[in-house]
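One structure below.
The values are calculated or read from the model by the stated rules, or taken from the named source; none is laboratory data. Predicted model, so just to flag it, every value in this text is computed and none were measured. Cβ atoms come from the backbone with ideal geometry, glycine included; neighbour counts cover every protein chain shown. To get the accessible areas, we keep the full protein, side chains included, count just its heavy atoms, and leave off ligands, DNA and RNA. Shrake-Rupley method; radii C 1.70, N 1.55, O 1.52, S 1.80 Å.
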Amino acid sequence: MADKIAVLPGDGIGPEVMDEALKVLHKTEEKFSFKLEIEKGLIGGAAIDATGHPLPEETQKLALGSDAVLLGSIGGPKWDNLAPELTPELGGLLALRKLLSLYINLRPAVVYEELKESSPLSPKVLSGKVDLLTVRELAHGIYFGQPKKLTDEEAFDTMIYTREQVEQIAHVAFRQAKMRRGKVTSVDKANVLSSSKLWRKVVIEVAKDYPEVTLEHMYVDNAAMQLMLNPLQFDVILTSNLFGDILSDESAAICGSLGMLPSASLGAEISLYEPAGGSAPDIAGQGKANPIAQILSLAMMLETSFEKVEAATAIRKAVDKVIADGHRTGDIAKAGDEIISTSSMGDLICSFI
Ligand code: NAD
């Protein structure tokens, strides 16, 4: 039986960039002689409009019956004022992550040589290639910790980590570092938070299994600063759910556009692949979105879930080539560049595979 993927385009630019990723998938299947079974489903606002729920039962069954999920993006102003559990964000995306027991998010951030000018950082700071990977805990911490309370007078959330949860993610970060440049920066707030004190203790213990990897610790406030001052110092950043949410967006900003950045969320059985950015309502439906994040998410999926390393490499090389040749969507263009559409970018990438 063919490997199966659930394709959930979602809202805003999601369906536009997903069309391009599927074009690239079909081209790659032809070129490398394999075939994935594809089934599309609804999530987020699109699912609310069609069924009243951001993660309908049918989508849940589809995701659980697939080997991997390729997601576009969810959300938009139309669905912002619903009850929290019915919003695309909580009831859709966070619920899907929980359903698939996704526990780790991998977010590469690369500053392409040719796109240094799109980065808000000065050339002095970008004196080499920024190539870092944020490994973020995804299933626990303050977003899910109980108890929570919200009244008009008082509100709180609970940041909680167990030894086992920290061990699990630390091993993934050290294994990634072994395949990269051999350095882990564990980011916490151990000078203030008890959950961070345990985090740091456990990470130090796990590091003993990886003598070839260098471990350093950094407080989250300093890490936020260091990402701006000297991003070249980072290889793998290992951090908790809340800190990783913020730092991975900051590392995305260094790259110039969210439209270039893929991500993978790993589960024990089924993993989820999606662009780092959101549904970009400001440019949705105008053919302006950059499909590269979605296309690189596809590459991560082919490599990680289906071991199609050659196919993933061909996709990445095709992306490198369009960038090197100067093709630009609006988000990565500088003054005077010709701006191409979402579908032209997808076509060009296909042509280089
Ligand atoms: P956003 O990531 O959607 O947009 C931020 C900026 O980045 C916008 O200017 C947008 O045009 C630009 N951008 C993002 N992706 C792009 C692409 N592929 N090509 C070109 N430009 C791109 O974040 P936001 O505006 O804060 O949120 C919009 C909606 O998306 C909200 O409803 C939010 O909840 C949702 N959201 C969803 C996800 C997700 O699906 N994983 C993540 C973040 C936000």
- Query: Would you call PRO291 crowded, with 17+ Cβ neighbours inside 10 Å and within 18 Å of ILE38 (Cβ to Cβ)?
  - Reply: yes
- Sort out which residues of the range 1-42 are within 16 Å of the ligand (Cβ to nearest atom), assigned to a loop (DSSP other than H, G, I, E, B) and open to solvent by 50 Å² or more (accessible area, probe 1.4 Å), and write them in order of number. LEU42
- Task: Mind counting the residues in the range 322-353 that are touching a strand residue (DSSP E or B) at 6+ places or on another chain (Cβ under 7 Å), under 15 Å from ALA293 (Cα atoms) and assigned to a loop (DSSP other than H, G, I, E, B)?
- Result: 1
- How many of the residues making up the range 112-121 are open to solvent by less than 30 Å² (accessible area, probe 1.4 Å) and not in a helix (DSSP H, G or I)? 2
- Over the range 262-289, the set of residues among the polar types (S, T, N, Q) and either out of contact with any strand residue (DSSP E or B) (no Cβ under 9 Å at 6 or more places or on another chain) or more than 14 Å from the ligand (Cβ to nearest atom) (or both) is SER271, GLN286
- Note on the structure: Counting only helices (runs of 4 or more DSSP H) wholly inside the range 43-111, the ones holding at least 2 residues that are surrounded by fewer than 21 Cβ atoms within 10 Å (Cβ to Cβ) and in contact (Cβ under 8 Å) with a residue 12 or more places away in the chain are 57-64, 95-99
- Which members of the range 297-317 meet the condition of being part of a helix (DSSP H, G or I), free of Cβ contacts under 8 Å to residues at least 40 places away in the same chain and of a type outside the set (S, T, N, Q)? ALA299, GLU303, VAL309, ALA312, ARG316, LYS317
- The lone condition GLN226 fails out of (1) open to solvent by 80 Å² or more (accessible area, probe 1.4 Å); (2) under 25 Å from the mean Cα position of the chain (by Cα); (3) among the polar types (S, T, N, Q) is (1)
- Kindly provide the set of residues from the range 248-261 that are crowded, with 24+ Cβ neighbours inside 10 Å, more than 9 Å from the ligand (Cβ to nearest atom) and either of a type outside the set (Gly, Ala, Ser) or free of Cβ contacts under 8 Å to residues at least 40 places away in the same chain (or both), ordered by number. CYS255
- Taking into account only those residues within the range 318-338 that are more than 16 Å from the ligand (Cβ to nearest atom) and free of Cβ contacts under 8 Å to residues at least 24 places away in the same chain, which is nearest to VAL24 (Cα to Cα)? ASP325
- Task: State all residues of the range 1-48 that are farther than 19 Å from GLY287 by Cα and basic (Lys, Arg); if no residue qualifies, say none.
- Result: LYS4, LYS27, LYS31, LYS35, LYS40
- One residue from THR51, THR87 being out of contact with any Cys (no Cβ under 9 Å at 6 or more places or on another chain) and closer than 18 Å to ALA280 by Cα: THR87
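Yes/no matrix, rows are residues, columns are (1) more than 30 Å from MET260 (Cα to Cα); (2) part of a helix (DSSP H, G or I):
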| site | (1), (2) |
| --- | --- |
| PRO123 | no, no |
| THR134 | no, no |
| ALA139 | no, no |
| GLU167 | yes, yes |
| GLN176 | no, yes |
| ARG181 | no, no |
| VAL187 | no, no |
| LYS201 | yes, yes |
| GLU212 | yes, no |
